[in-house]
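This is the structure I have questions about; it appears just below.
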Amino acid sequence: MDASARDFDIELKELPERIEEMRSDVQTLEALLEREREQLAEATKLRAQQVDELKNRTDGLAKAKAKAAKARNLKEADAAEREVDANRRAIREREEEITRLEEAIERKSTSLATREEQFKEAHGNLKEEETKATARLAIVNAERSKVLKGREDVVEKIDKMTMKRYERFKKSKGTAVVFVKDRTCSKCRMSLPAQLYIEVTRAETLTRCPQCQTIIIHEDVMRDPNEEAGEASTEEVAPEASA
């Protein structure tokens with residue numbers, strides 16, 4: 001039963017993990033998108049400040065020129081000229097800064113548009129996969145329940161200590177029980193010592209492989225006695241039939 005349910009258990013574990021990984025990627029993309037929006041807003045705000053500063057400097061330049069025109073002596077003329085030069089430098093700096101900001105805003109706007117498309121696509125894929133996963137998990141759970149039907153009844157027939165060891169092995173190793181065929185453990189391919197092989201064929205105690213520590217059972221133990229009797233009967237009748 002557990003062997004039949006193993007693939008279902010793996011899918012029940014891996015499918016939510018895959019969806020969670022997709023959700024994490026979408027959240028990362030959303031965080032990047034939000035940061036770029038903030039950067040664009042900051043650059044836009046800074047450009048507005050530089051435009052205001054440029055206007056103030058332009059007004060200052062006009063005033064400085066008016067002062068220079070009204071200068072009554074050399075001292076006033078020199079002071080007005082220095083003010084004109086200072087405003088011109090400031091205007092030039094503001095214009096260069098505004099140009100850099102406008103280029104940055106354009107690049108960021110383009111990047112933001114691309115990122116928004118990526119987020120939209122990723123978010124849509126996530127929703128689609130979540131819907132598929134929900135439907136698939138329901139099917140897997142139903143199929144798993146079918147193959148495990150009656151397991152509790154079987155467990156009640158096994159002594160608690162054996163069952164406890166079995167569950168511990170299954171949890172730590174994934175596979176708790178494997179069959180022995182031709183004196184070989186089917187998990188690690190180790191050839192069993194003669195005495196241990198005899199113990200396994202007798203099936204009187206719970207035996208573990210000395211190499212991989214998995215519980216080992218001889219394949220003949222699982223054969224249906226009625227089936228063997230039927231095979232023997234067929235062999236006895238066969239000669240007569242051929243005669």
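The values are calculated or read from the model by the stated rules, or taken from the named source; none is laboratory data. Small disclaimer: the values here were computed from a predicted structure and weren't measured. Glycine also receives a Cβ, built like all others from the backbone with ideal geometry; neighbour counts cover every protein chain displayed.
Pairs needed: first member in the stretch 3-16, surrounded by 15 or more Cβ atoms within 10 Å (Cβ to Cβ); second member anywhere, acidic (Asp, Glu); C-beta distance under 8 Å; at least 6 residues apart or different chains.
Pairs found: Phe8/Glu143.
Ok, one more. Collect the residues in the stretch 178-202 that are in contact with a Lys or Arg (Cβ under 8 Å, 6 or more places away or on another chain) and either surrounded by 15 or more Cβ atoms within 10 Å (Cβ to Cβ) or on the phi > 0 side of the Ramachandran plot (or both), keeping them in residue-number order.
Result: Val178, Leu192, Tyr197.
Which one is nearest to the chain's Cα centre (by Cα), of the residues in the stretch 68-126 that are among the small types (Gly, Ala, Ser), under 23 Å from Thr58 (Cα atoms) and part of a helix (DSSP H, G or I)? Walk me through how you get there before you give the answer.
Taking the stretch 68-126 as the starting set, the residues that turn out to be among the small types (Gly, Ala, Ser) are 68-69, 71, 77, 79-80, 86, 90, 104, 109, 111, 113, 122, 124.
Among the residues that remain, those that are also under 23 Å from Thr58 (Cα atoms) are: 68-69, 71, 77, 79-80, 86, 90.
If we keep only those that are part of a helix (DSSP H, G or I) too, we end up with 68-69, 77, 79-80, 86, 90.
Numbers: Ala68: 70, Ala69: 73, Ala77: 72, Ala79: 68, Ala80: 68, Ala86: 58, Ala90: 53 Å.
Once the filter is applied, the top-ranked residue is Ala90.
Same structure again: When you go through Asp52, Asp59 one by one, which is the residue that is closer than 21 Å to Glu103 by Cβ and either assigned by TED's automatic domain parsing to the domain that holds Glu117 or not aliphatic (A, V, I, L, M) (or both)?
On the way: Asp59 fails: closer than 21 Å to Glu103 by Cβ.
Just one listed residue meets the conditions, Asp52.
OK, next. Here is a check on your reading of the model: is Ser24 among the hydroxyl-bearing types (Ser, Thr, Tyr) and in contact (Cβ under 8 Å) with a residue 40 or more places away in the chain?
On the way: among the hydroxyl-bearing types (Ser, Thr, Tyr): yes; in contact (Cβ under 8 Å) with a residue 40 or more places away in the chain: no.
No: the conditions fail for Ser24.
Taking the stretch 24-38 as the search range and keeping residues that are charged (D, E, K, R) and loosely packed, with under 15 Cβ neighbours inside 10 Å, which one is nearest to Glu167 (Cα to Cα)? Walk me through how you get there before you give the answer.
Initially, the stretch 24-38 is screened for residues charged (D, E, K, R), giving 25, 30, 34-38.
From what's left, loosely packed, with under 15 Cβ neighbours inside 10 Å: 25, 30, 34-35, 37-38.
Values: Asp25: 35, Glu30: 42, Glu34: 47, Arg35: 48, Arg37: 52, Glu38: 53 Å.
Per the stated criteria, the residue is Asp25.
Considering the stretch 113-140 alone, what residues qualify as being without any contact (Cβ under 8 Å) to a residue 24 or more places away in the chain and under 28 Å from Ile10 (Cβ atoms)? I'd like the intermediate steps shown before the answer.
Of the residues in the stretch 113-140, the ones without any contact (Cβ under 8 Å) to a residue 24 or more places away in the chain are 113-114, 117, 120-121, 124, 127-128, 131-132, 134-135, 138-139.
Those that are without any contact (Cβ under 8 Å) to a residue 24 or more places away in the chain and under 28 Å from Ile10 (Cβ atoms): Gly124, Lys127, Glu128, Thr131, Lys132, Thr134, Ala135, Ala138, Ile139.
Out of all the residues in the stretch 138-166, which are within 18 Å of Arg6 (Cα to Cα) and outside any helix (DSSP H, G or I)?
Selection gives Leu148, Lys149, Gly150.
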